[in-house]
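Take a look at the structure below.
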Amino acid sequence: MTETHPDLERILIPPEAIEARVTELAAQISQDFHAAQRLYIVGILKGAFIFLADLTRRLSIPHIVDFMAVSSYGKSTDSGAVRILMDLREPIEGQHVLIVEDIVDTGHTLKYLYEILKGRKPASLRTCALVRKERENQGVPIDYLGFDIPDVWVVGYGLDYADLYRTLPYVAELKSDVYAK
Ligand code: PRP
């Protein structure tokens, strides 16, 4: 039985379930790209860092890892504006590219990243996310999805509230009195 942090309402995805699903996703990705010379993995900071580390260490195909950092404005207003804070180090033209996100919420971030990276003419472009909230979103296809989760505030396994809780080994719902403070 996993011990729960006192700020949490309930655990949504326990560590064993995450590990099993990440292993499955890595096997699927390795199979799908077995003929590619290498896979160019784009991790989206900060939230994806733990998922990305576990996923990539289970891949059996050649791959390189790079990062982007973006900031989304007006989540509360749903404006969807996104700004690049840190870009990739190399051009991705002709590369097989996989975007790795921790969460798809409104979908604005993944939609923006998909369109920006598509414009750089990769050989292929796919998306991977650990969790997707069950709510209306921008409808960007997620080629490799870990879990659908309820539309609640989630933390752990890379996901944060005010930059805290990212290193919890599970995905959990945060108590509403924590973020209502
Ligand atoms: C989170 C998450 C995604 C984005 C998803 O990032 O990591 O990038 O929000 O939300 P959306 O689908 O509504 O666009 P956040 O801006 O919180 O930064 P972080 O990764 O540094 O926590």
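Throughout, read-outs are computed from the coordinates displayed, never taken from laboratory work. In this text, all values refer to a predicted model and were calculated from it rather than measured experimentally.
Key figures
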{"read-out": "Percent breakdown of C-alpha pair distances by 5 Å bin, ordered from the shortest bin, for region 75-181", "value": "2, 11, 19, 22, 20, 14, 8, 3, 1, 0"}
{"read-out": "For region 123-181, Kirkwood radius (reciprocal of mean inverse C-alpha pair distance, Å)", "value": "12.9"}
{"read-out": "Share antiparallel - DSSP beta bridges, the chain, percent rounded to 5", "value": "30"}
{"read-out": "Total lysine pairs under 28 Å (Cα atoms) in the chain, excluding pairs fewer than 8 apart on one chain", "value": "17"}
{"read-out": "Tilt relative to the chain, helix 108-118 - C-alpha long axis, 0 to 90 degrees, to 10", "value": "10"}
{"read-out": "Whole-number Å³ per residue for the convex hull built on Cα positions in region 100-152", "value": "64"}
{"read-out": "Two-decimal Rg to Rh for the chain - Kirkwood Rh, Cα set", "value": "0.96"}
{"read-out": "Counting DSSP beta bridges with both ends in region 42-147, the antiparallel % (nearest 5)", "value": "20"}
